[in-house]
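Take a look at the structure set out below.
What follows draws every value from the coordinates through simple rules; no lab data is involved. The shown structure was predicted, so the numbers you read here are calculated from the model rather than taken from an experiment. Ideal geometry is used to build each Cβ from the backbone, glycine not excepted, and the neighbour counts take in all protein chains shown.
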Amino acid sequence: MRYVDSMLDLIGNTPLVRLNSVTQGLQATVLAKVEYLNPGGSVKDRIAVRMIDAAEASGQLQPGGVIVEPTSGNTGVGLAMVAQQRGYRCIFVCPDKVSTDKINVLRAYGADVVVCPTAVDPAHPDSYYNVSDRLVRETPGAWKPDQYSNPHNPESHYVATGPEIWEQTEGRVTAFVAGVGTGGTISGTGRFLKEVSGGAVRVIGADPEGSVYSGGSGRPYLVEGVGEDFWPTAYDRTVADEIIAVSDRDSFLMTRRLAREEGLLVGGSCGMAVVAALRAAEGLGPDDVVVVLLPDSGRGYLSKIFNDEWMADHGFLEAAPGEAKVADVL
Ligand code: PMP
């Protein structure tokens, strides 16, 4: 019989898929590492299981313990899935701007979600920051993974994502491109690929225009999961050779092209990373192999990036929303 013991055994070992259409005119091979094929639907399953393993080993997380993290996104899903399998309770703290769909995903795995008002000062007792700190202090057996400072976030990519890419490309990878959020993916994967190749692999970060990694101050942008207004310790500034800033518009239009031209229904940070990868590949030759990591699925963005009205409202589409003419579809 062929089976795995649990969903946790399906984390990692994601495939590389060649991009064939959006790469037209380029000589280099561009390969996408498709992370939505992880069991929780994103790259963050990798860090969830490793951070929890390490906390169990160090005794920070004991049987019956409670995982408390301020997150509404992919990291929450990864933590909730691993916690469910290992018998821990999870409490996530989210600002009230987070969509109910995202909150319901966390609750579906059995997690508790505390929703905090966005419209209060960070110093207010009900603020997102204060509520999560208070829950950690006051919940017996509480442990906060803190993906922004936890060394096992980049480490999970150093021990797995990097080696996978090296093996899958038989050592032929010449450039690695990833979006930067906490910085865990680029720091861990990039460090491994640089070490194993003797510095031959070029590491390129993709960042939303306005975020600190590409020289901004944290100006708002709409791409989710990437960019910051501070420098997390999970990000190793010595790894990336270059950071390419990408606009929301370019990110979202590429995200839509990936679905329509490559059959890849992925999230907005994936479109952003692909734009950066294509720019990086422009001057490269036929022997170059560019690997671009795609963190999550497009399912979480159907009412935004894949919604013509939302795109038009933000000025990202020229055509009128949802108005395909008969002549366009025949
Ligand atoms: N894209 C998405 C959708 C994410 O959720 C994240 C994680 N914040 C990233 C990209 C960036 O990954 P990292 O935190 O490892 O830099």
### Query
In the neighborhood of residue 154, defined by Cβ-to-Cβ distances under 14 Å, what is the net charge if each Lys or Arg adds +1 and each Asp or Glu adds -1?
+2
### Message
Give me the net charge for the shell around residue 43: Cβ to Cβ below 9 angstrom, other residues only, Lys and Arg +1, Asp and Glu -1.
### Response
0
### Message
Under the rule a/c < 1.5 gives rounded, and otherwise a/b versus b/c splits prolate from oblate, where does the stretch 1-148 land using the Cα gyration tensor?
### Response
oblate
### Summary
1/(1 + (r/R0)^6) with r = Cβ-Cβ of residue 314 and residue 3, R0 = 56 Å, i.e. FRET efficiency to nearest 0.05, evaluates to 0.80
#### Entry: Under 5 Å, built H, 5+ apart or other chain: amide partners of residue 68
91, 143, 144
### Query
Going toward the positive end of the dipole of the chain, with +1 on Lys and Arg Cβ and -1 on Asp and Glu Cβ, which of 156, 115, 233 do you reach last?
156
### the stretch 81-139: C-alpha gyration tensor shape, a/c 1.5 cut-off, then a/b vs b/c
oblate
#### Entry: DSSP bridge pairs, the stretch 2-134: antiparallel proportion in percent, nearest 5
25
### Query
Where a Cα-Cα gap under 16 Å defines reach, which aspartates and glutamates qualify for residue 97, not counting those fewer than 8 residues away within the same chain?
121, 126, 224
### Query
Check residue 206: other-chain or 5+ apart residues with amide H under 5 Å from its amide H, H built from backbone geometry?
178, 179, 180, 244
#### Entry: Per-residue HN-Hα couplings for the stretch 28-36 [Karplus 6.51, -1.76, 1.60; θ = phi - 60°; Hz; x = Gly/Pro]
5, 7, 10, 10, 9, 8, 8, 7, 5
## Note on the structure
For the chain, the percent of all C-alpha pairs falling in each 20 Å bin, from 0 up to the bin holding the max distance, is 31, 58, 11, 0
### Query
If contacts are Cα pairs under 8 angstrom and at least 6 residues apart, what is the relative contact order of the stretch 169-245 in percent?
36
### Per-peptide average of other Cβ atoms within 10 Å, ordering 229-238, 210-219 highest first
210-219, 229-238
#### Entry: Cα convex hull of the stretch 40-118 - mean projected area over all directions, nm²
4.8
### Message
Need one number: % antiparallel among DSSP beta bridges in the chain, to the nearest 5.
### Response
15
### Task
Decide, for the stretch 161-309, between rounded, prolate and oblate: order the square roots of the alpha carbon gyration tensor eigenvalues as a ≥ b ≥ c, take rounded if a/c falls under 1.5, and otherwise choose prolate if a/b is larger than b/c, else oblate.
oblate
### Query
Of 21, 132, 187, which has the largest mean-square fluctuation in a 10 Å C-alpha GNM of the chain?
21
